[in-house]
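Colleague: Pasting a structure below so you can have a look.
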Amino acid sequence: MKKKWLVLGSAIGISSVVMVATGISAMAGTSGYDAYKSALKNTKTVSSVAIQAEAQLQDNGKVLVDASGSAKVNVSAKTASGSADVTADGTKQSLSFYKQAGGAVLKSSASDVFYVKTQNAKEKRSKPKDDASEQQMSQQAETVIDALVGNLKDYVAVNDQTDGSKEISVQLDNSQLPAVVNAIAPIAIKQATKEHKNENRNSGEQAGEFPFQENVIKSAVPQLTQDIKIEKVAVKANINASNYIDHQEADLTVSGKDDSGAAHQVTLHLQADLSGYNSTTPDTIDLTGKNVQQIKRDIGKHHGENG
Amino acid sequence: MKPILETVQLTKMYRNDRGIRDFHVQLYPGDVYGLLGPNGAGKTTFLKLITGLIRPDKGTVALFGASIAEQFEQGMRHVGCMIESADFHDFLTARQYLQLVARYYPGIGNSRIEEALDVVGLAKAKSDKIKHYSTGMKQKLALAAAIMPEPKLAILDEPTNGLDIEGTVMFRKLIKRLSEQKGMSFIISSHMIHELEQLCNRVGIVVRGRLIKEGCVSELLQSNQSLEQYYIDQLRLAGEVSESA
Amino acid sequence: MHSWKAGYMGELLLLWYRRKIAVFGIFSVVVPILLAASFHALQPILGFMAVSQSFPLTMLGIYTSVWIPLFIFMAAADLFPQEVASRTLKLALLRPNSRFQVYGAKTAALATGIAALLVLLGIVSLACNLFAGTLAGFAETAAIVKAYIASFVSMLALAAVFVFTAQFFKSSSGFMAFSIVLYAAAKIAPFLSSAVAAFSPASYTDWYKLWLSQTVSAGKLTTAFLFLASCSLLFFSLGYYKFVRKEV
């Protein structure tokens, strides 16, 4: 009789200890997910940073769109500068931009015109943020995101390097994605790739419109209509020793068939390198004596409306 | 001779002051023990205690020498019971139920199941769902389940409740046959005192949670007109019934 | 040993003879087929999810978060509170079986039911693939089998919790209602506080996904497995403690 209670007691004792211990270790956040979250939060606090970014869209291995660019951003002074090259359908377009006191400046390599978007007074007077409530908001958002991510957070692998930096990686294939994502994503992708057919193709060389053809990009993407599914999502990041994200890349693979029944495998690759934390000064440009044109407000959306 | 049932100081009190106190009972092979007493005296409590359905506050129960607190399986191996009301999984048929019961005991084949159903008079209704049974039929099924494994001891709580006259006769004959031919022992709680008088060799009288008298039926009948008279006398002595009864 | 088996078989048969469970089994066959058929039919129109090789895994997410928990509540309600309400618990207790054997037989029957349901759902979902013409290859099938086995572990932990909970109830409908509310609360709680998720077996219903990834470390899997195993043992023991003291 005593033996029975002893066995039962120790079963309860041991299992509750193990349960609490494993629960705590699950909560303690030694996972890559938490490391990444902390680095992301930390990286958000920088006042300035230089970014090198690249994006590539492929269809069955053929490059559709290739974009690369670099930027210098000063968050606290709200200034930035940078340039970007976009190659789509074999045509290359380049542009550079400056965001400085007095407004934003865009320049395409195709012309000598500097397009300026002046900041009006309303926009300039940004509301002073309520720090406390914002923090609470982001805390709640974090809890919700944590809950949505759930066990997927354990997918995030972390690889500690000898120099104190960390390699974070996560890869999800179709079967690992939540059922909801699997169910909804095809609809979203179908809609997204369909849209450009309805848009009228303007060669954007109208006065006041920035000469950049977004349609070129959209029309290059194959229009998927059936058997659409997300094959793979992969994200990689490097976190340096001072807990800043210095490299970030993401891959998304979608497969499907177009109207003619031809199979497509579309991959999107994004990557960015960050450097010069808190020590980057964006370039500025002096517009005196340059060919300057005021730019319309929302590029490509409300045609013929001068801002 | 070793007792097949032995309780020592068996006590179980409920909050409403019902229950039993200090039961010392010994049963020997071949005994047919009648448990007599008014409603609520504690007969069912005693039967539940000796079958482990409830735990005693104090005291011990041993069945065939095995303490039921520690070696329950061993003690219950040779015991068949029907305790309190006859309740069943009513979505089963009588035969399905007995097949489930049979699994617990070695060597019970289908013929034994059919035989048990036949003996209690349920042969015709054996394929009906139990939910369509009357109280008496359920009582018969409970009896069939209790005696089917041919246990050395059968514990029967109010077995004739709801039985019709033929049923009662069947019951009496069955107990007599099993006790005489197979040497089975019984504990039968009942208020059908004539039944007990014919069946039992020993009786115990329970009043307000106490086993106030125990004796051999043959001896009691020598000094009393009938078991009934003896029982009433005992209750009167215990102050349980008025003088006029 | 003999009466152990008798008790276990008895509980299994009782689960089976109860129509409810059989009906549940039939639905388990019909629902995936209906879903697969509607996905297949709606897919060209809505562009909804296609019935692909991973269909059994996509469906597993639904099975483990809703369908099997529902089965657990129902079966646990029949095994414990329902037996108390209809006073049939004594039928098992009066056999030459210890309380531990009776309790063990009941939980083993429930575990068997969960396993059978998973096998049934897995086979039906794989069959849906076959009809959709997207038969899974060997590697995919192996992954599917692995995921279904892993799901069994998490469902077992969930079952242990609800078997324990069932010991407090004397009516099956009361238990069912409470279980559904408790489970829903356990599913919502992580949205309010992150700490809850780490200690709630309800947040491990989709842990089979961890077994599908190459990047999840063995340590993670071990920790999660230990959590589920200890959770099963803890609640199984606590439930037994309640059960052994039950007076009928």
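The values are calculated or read from the model by the stated rules, or taken from the named source; none is laboratory data. Note that this is a predicted model, so its numbers are computed, not measured. Heads up, the Cβs are rebuilt from the backbone with ideal geometry, glycines too, and the neighbour counts pull from every protein chain shown. In case anyone asks, the SASA skips ligands and DNA or RNA and just uses the protein heavy atoms, side chains included. Shrake-Rupley method; radii C 1.70, N 1.55, O 1.52, S 1.80 Å.
Okay, residues lined up against (1) open to solvent by less than 30 Å² (accessible area, probe 1.4 Å); (2) assigned to a helix (DSSP H, G or I):
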{"site": "C:LEU156", "(1), (2)": "no, yes"}
{"site": "C:PHE169", "(1), (2)": "no, no"}
{"site": "C:ALA185", "(1), (2)": "no, yes"}
{"site": "C:ASP206", "(1), (2)": "no, no"}
{"site": "C:PHE227", "(1), (2)": "yes, yes"}
{"site": "C:CYS231", "(1), (2)": "yes, yes"}
{"site": "C:TYR240", "(1), (2)": "yes, yes"}
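Colleague: Let me ask something additional. For B:THR135, which of the numbered conditions (1) within 21 Å of B:LEU98 (Cβ to Cβ); (2) among the β-branched types (Val, Ile, Thr); (3) open to solvent by less than 20 Å² (accessible area, probe 1.4 Å) fails to hold?
Modeller: Here B:THR135 clears every test but (3).
Colleague: I've got another one for you. What are the residues in the stretch C:81-94 that are out of contact with any His (no Cβ under 6 Å at 6 or more places or on another chain) and over 17 Å from B:ALA69 (Cβ atoms), if any? Working first, answer last.
Modeller: First, pick out the residues of the stretch C:81-94 that are out of contact with any His (no Cβ under 6 Å at 6 or more places or on another chain): C:81-87, C:89-94.
Selection gives C:PRO81, C:GLN82, C:GLU83, C:VAL84, C:ALA85, C:SER86, C:ARG87, C:LEU89, C:LYS90, C:LEU91, C:ALA92.
Colleague: Could you count how many residues in the stretch B:64-93 are open to solvent by 10 Å² or more (accessible area, probe 1.4 Å), more than 7 Å from chain C (Cβ to nearest Cβ) and either in a helix (DSSP H, G or I) or within 18 Å of C:SER98 (Cβ to Cβ) (or both)?
Modeller: Total satisfying the criteria: 9.
Colleague: Does any residue of the stretch A:31-52 turn out to be at pLDDT 90 or above, farther than 26 Å from A:LYS290 by Cβ, open to solvent by 30 Å² or more (accessible area, probe 1.4 Å) and not in a helix (DSSP H, G or I)?
Modeller: yes
Colleague: Return a yes/no flag: does the stretch B:124-132 have any residue that is buried (at least 16 other Cβ atoms within 10 Å of the Cβ), over 19 Å from B:LEU178 (Cα atoms), of a type outside the set (Phe, Trp, Tyr) and touching a residue at least 40 places away in the same chain (Cβ under 8 Å).
Modeller: Yes - at least one qualifying residue is present in the stretch B:124-132.
Colleague: Across the stretch C:201-216, which residue is farthest from C:ALA77 (Cα to Cα) among those that are more than 7 Å from chain A (Cβ to nearest Cβ) and out of contact with any Cys (no Cβ under 9 Å at 6 or more places or on another chain)?
Modeller: Filtering first and then ranking leaves C:GLN214.
Colleague: Something else: State all residues of the stretch B:103-115 that are of a type in the set (A, V, I, L, M) and modelled with pLDDT of 95 or more; if no residue qualifies, say none.
Modeller: B:ILE113
Colleague: Just need a number here: residues in the stretch C:1-42 that are open to solvent by less than 50 Å² (accessible area, probe 1.4 Å) and at the interface with chain B (Cβ under 9 Å from one of its Cβ atoms).
Modeller: The qualifying residues number 7.
Colleague: When you go through B:VAL169, B:VAL206 one by one, which is the residue that is among the β-branched types (Val, Ile, Thr) and either assigned to a strand (DSSP E or B) or in contact (Cβ under 8 Å) with a residue 24 or more places away in the chain (or both)?
Modeller: Answer to the selection: B:VAL206.
Colleague: Sticking with this structure for a sec: Tally the residues that are within 7 Å of chain A (Cβ to nearest Cβ) and either touching a Leu at 6+ places or on another chain (Cβ under 8 Å) or at pLDDT below 90 (or both), restricting the search to the stretch C:225-239.
Modeller: 1
Colleague: What single numbered condition from (1) over 21 Å from C:VAL248 (Cβ atoms); (2) open to solvent by less than 30 Å² (accessible area, probe 1.4 Å); (3) facing another protein chain (nearest Cβ under 7 Å) fails to hold for B:PRO106?
Modeller: Condition not satisfied by B:PRO106: (2).
Colleague: Then there's this: For A:LYS41, only one of the following conditions fails: (1) touching a residue at least 60 places away in the same chain (Cβ under 8 Å); (2) more than 14 Å from every other protein chain (Cβ to nearest Cβ). What is its number?
Modeller: Exception for A:LYS41: condition (1).
Colleague: From the residues in the stretch A:80-103 that are farther than 21 Å from A:GLN56 by Cβ and at pLDDT below 85, which one is least open to solvent (accessible area, probe 1.4 Å)?
Modeller: Looking at residues that are farther than 21 Å from A:GLN56 by Cβ and at pLDDT below 85, I get A:GLY103.
Colleague: I'm told B:ALA146 meets every condition in (1) within 14 Å of chain C (Cβ to nearest Cβ); (2) assigned to a loop (DSSP other than H, G, I, E, B) except one. Can you identify the failing condition by its number?
Modeller: Tallying (1) within 14 Å of chain C (Cβ to nearest Cβ); (2) assigned to a loop (DSSP other than H, G, I, E, B), B:ALA146 fails exactly one: (2).
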